[in-house]
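Down below is the structure, laid out as structure tokens.
The values are calculated or read from the model by the stated rules, or taken from the named source; none is laboratory data. Since this is a predicted model, take the numbers as computed values, not measurements. Counting neighbours? That spans all protein chains shown, and the Cβs are built from the backbone with ideal geometry, glycine included. Remember, those area values only see protein heavy atoms, side chains included, never the ligands or the DNA or RNA. Shrake-Rupley method; radii C 1.70, N 1.55, O 1.52, S 1.80 Å.
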Amino acid sequence: MTKPVNPQKLDGHASSGHDVPKISLRNLSVTYPSGDGTPVKVVQDVSLDVSPGQFVSIVGPSGCGKSTLLRVLSGLLEPASGTALVDGNPVTHAKDRVGFMFQRDTLLPWASAEENILVGAELARIPPQYIAERVKSLIGFLRLAGFEKNLPHQLSGGMRQRVALGRLLAYEPEIFLMDEPFGALDSQTKSAMGRELLRIWTEHRRSVLFVTHDIEEAVTLSDRVVVLSARPGRVKLDVNVDFERPRDPKVLRKDIRFIEMVDRIWSALDLQPI
Amino acid sequence: MLGQFAVDPIWISRPSLIAERLWSLTLEGELWRNTQRTLVEASLGLALAFTVGVPIGIAMARYKYANAVAEPFIMSLYSLPRVALAPLFIIWFGIDLFSKVMMAFSTVLFIFMLNVHEGLKTMDRDLIDLFRTMRASRAYMTRKVLLPWIVPWIIASLRIGVGLSLVGAVVGELLGASAGLGWYIEKSAGRLDTTGVFVGLVMLTVLATIGNILVARLEARFSGWRP
Ligand SMILES: Nc1ncnc2c1ncn2[C@@H]1O[C@H](COP(=O)(O)OP(=O)(O)OP(=O)(O)O)[C@@H](O)[C@H]1O
Ligand SMILES: [Mg+2]
């Protein structure tokens, strides 16, 4: 059964007001140089706070700057103006590990599934004696057993994404930035991966910023859904999703409040004609 | 006229004569001595070009501004026919082994430099960015991403380099040497000994073939990840 609950109660320590937000974007604008030299504004004046342990999804039309926002948060990109803070510090000086799962699969093409996951564990500075065990347990957990020696081009698209997720988990980030991580998966695998992600999230309570095109997925997984407008991206809608957890997608899908919320988000998205 | 050209062993020799000569030279140890000499010159030149060229190629990719200044000079050196350097190298480095090693080296060096540079220019930026988000050290990125990435480009350089290093060594030998297959060919030609010339060519072909087989092995071993 899904009952709306008080968001205060849902977030526990998260939204108690005096806490420093885990992630904080303040009046952030980002520009890219365009072909003819004039800068193009792709993100405009975005302010967004994510509390510790909060799961926030970002949806928006293609090209509205979702990936760009995550790149700024991971320190890969300098904003044109505004600030991006992690725990109150500029992202480039963040103490926390920020894990990024790219939209494109970015596995080392010459390294096996196992070796790719190992990279995350090594960069997390996990003591060497625990690394092999950690990688092995992730392989099992992500149902990659039997494929650990395969190179990325010998894996299916869904398996490659699971390897990328394995590398992210092996890195044990305090903050998860996930750019359409399950975009290439079939709907069954997608919801299975979503369940796994929620399981991990429930266990460790990390802050998650999750970009997706799938509104139902966003509503099912998140505490909050942020809708960006078409380029230049602005926050158009910011809704709290206060359905009780744990959520059962099968039940939730039939819930009238779920349907209404999905509908509200749909209409907030100004879909451009192609 | 043409008929005479085709039959007369003066011009093209005969397979049986070449085989006989190969056999007698082998028995004398002469064949091995000359082949070994050319092999050593070419492979030292190739190894030196690899050792110097790969780091320079990496530096060219890393220091973009310095490279923008240096590249025109590099390209004009690259376009200079290295054959024309041979007389100079013989004056500088003598008629022995070293001048031929330098000939082979200068012929192949640019192949490594330019290939590695080109390979790094096509590097997958997202891979680098991903490692940066995980705060990988430069040493870790070099070991895990950069070096594996350029392996196929190095192998491609070796593939070209096998032939070119032989060219460098042999050109050096033709101009002044006391041993080597180029020297043997030159000496034979001077005596109108066509059989001797062909023996030299056969052995050069054998060296090139062995080199190519070794490179193909390397390629099979290291480039399997390219789908
Ligand atoms: N490196 C770049 N140089 C110039 N323009 C860029 C660059 N990267 C992205 N852009 C532009 O910035 C805009 C936002 O890109 P971004 O990748 O953030 O969009 P997105 O919201 O993630 O889209 P999608 O949903 O399709 O992934 C796009 O219009 C894109 O063309
Ligand atoms: Mg994107």
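Per-structure values
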item	result
Aspartates and glutamates with Cα under 17 Å of A:Lys190, excluding same-chain neighbours fewer than 8 positions away	A:Asp105, A:Asp179, A:Glu180, A:Asp214, A:Glu216, A:Glu217, A:Asp248
Gaussian network model of chain A, springs between alpha carbon atoms under 10 Å - residue of A:Gln44, A:Gln54, A:Gln188 with greatest fluctuation	A:Gln188
Dipole of the protein assembly as shown, positive direction: furthest Cα of B:Gly45, B:Tyr63, B:Pro81, with charges on the beta-carbon	B:Tyr63
Whole-Hz ³J(HN,Hα) from phi, Karplus 6.51 cos²θ - 1.76 cosθ + 1.60, for region A:238-250, glycine and proline x	9, 10, 7, 9, 10, 6, 5, 9, x, 9, 9, x, 5
For residues of B:122-132, the mean tally of beta carbons on other chains within 10 Å	4
Distant-in-sequence amide H partners of A:Ala80 (H built 1.01 Å from N, under 5 Å)	A:Ser29, A:Val30, A:Thr31
Sequence-distant residues sharing a close amide H with A:Phe100 (under 5 Å, placed H)	A:Leu177
Anisotropy class of the protein assembly as shown from Cα gyration tensor, a/c 1.5 cut	prolate
Carbon + sulfur, % of accessible area of region B:13-221 - ligands and nucleic acids excluded, 1.4 Å	70
Listed residues B:Gly163, B:Gly29, B:Gly211, most fluctuating in chain B (Gaussian network, C-alpha, under 10 Å)	B:Gly29
Cβ-based net charge around A:Asn89, under 14 Å, with every Lys or Arg adding one and every Asp or Glu removing one	+1
Accessible area (Å², per residue) of chain A, counting only protein heavy atoms and a probe of 1.4 Å	46
Note, ³J(HN,Hα) from phi for region B:75-87, Karplus 6.51, -1.76, 1.60, rounded to Hz, x at Gly and Pro	5, 6, 4, 5, 7, 5, x, 5, 3, 5, 7, 3, x
Per-residue average of Cβ from other chains inside 10 Å of A:148-157	1
Within a Gaussian network of chain B (alpha carbon springs, distance under 10 Å), most fluctuating of B:Thr38, B:Thr142, B:Thr51	B:Thr142
Over region B:13-221, relative contact order from alpha-carbon pairs under 8 Å, at least 6 apart, %	31
For A:Val211, net neighbour charge (Lys/Arg +1, Asp/Glu -1) across residues whose Cβ lies under 10 Å away	-1
Cross-link partners of A:Lys95 among lysines (Cα-Cα below 21 Å; sequence separation of 8 or more within a chain)	A:Lys22
Solvent-accessible area buried by pairing A with B, both sides, nearest 100 square angstrom, 1.4 angstrom probe	2100
³J(HN,Hα), Karplus 6.51/-1.76/1.60, whole Hz, each residue of region B:178-192, x for Gly, Pro	10, 6, x, 5, x, 4, 5, 5, 4, 4, 5, 4, x, 9, 6
Per-residue average of Cβ from other chains inside 10 Å of A:96-109	4
Ranked packing of A:132-141, B:67-76, B:98-107, A:67-76, most packed first, by mean Cβ within 10 Å	B:98-107, A:67-76, A:132-141, B:67-76
